[in-house]
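The values are calculated or read from the model by the stated rules, or taken from the named source; none is laboratory data. Predicted, not measured: the structure shown is a model, and the values here were computed from it. We place every Cβ from the backbone using ideal geometry, glycine too, and count neighbours over all the protein chains shown.
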């Protein structure tokens with residue numbers, strides 16, 4: 001058992017962090033298992049929702065430092081690959097359907113406002129150096 005005050009605090013802080021981290025890990029594992037079950041089921045909408053949940057949980061875990069960001073990226077890619085192999089639409093740009101009732105973009109762009117930023121001041125010429133002084137001697 002720690003005796004020093006700062007060591008006691010570190011024990012308290014570490015225990016709180018452990019609880020927080022274990023909750024994040026548990027939610028990530030639950031999401032991954034639900035995704036695996038959704039892939040084996042025939043409902044594609046559930047699989048898409050589960051894929052989104054897995055990717056979200058991986059991002060959260062990486063942001064909090066529970067897992068490394070490269071591991072999160074690798075797991076997200078694996079999940080997307082598994083979904084694609086199972087025939088689930090992953091929501092990439094190439095697979096999305098274009099929106100039919102989007103308004104056409106205006107061809108005439110609105111006029112830009114003039115910049116209000118100040119110009120940088122001109123550099124002043126370098127000052128001339130004063131002649132070097134002779135060091136004072138002690139008498």
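Between 17, 50, the distinction of being free of Cβ contacts under 8 Å to residues at least 24 places away in the same chain, closer than 12 Å to residue 83 by Cα and either assigned to a helix (DSSP H, G or I) or under 18 Å from the mean Cα position of the chain (by Cα) (or both) belongs to 50 only. When the range 67-99 is filtered for residues that are in a loop (DSSP other than H, G, I, E, B) and at pLDDT 95 or above, the ones remaining, listed by number, are 67, 68. Go through (1) surrounded by fewer than 16 Cβ atoms within 10 Å (Cβ to Cβ); (2) touching a helix residue (DSSP H, G or I) at 6+ places or on another chain (Cβ under 7 Å) and name the single condition residue 12 misses. Every listed condition holds for residue 12 apart from (2). Residue-level check: of (1) over 14 Å from residue 90 (Cα atoms); (2) over 21 Å from the mean Cα position of the chain (by Cα); (3) part of a helix (DSSP H, G or I), residue 45 misses just (1).
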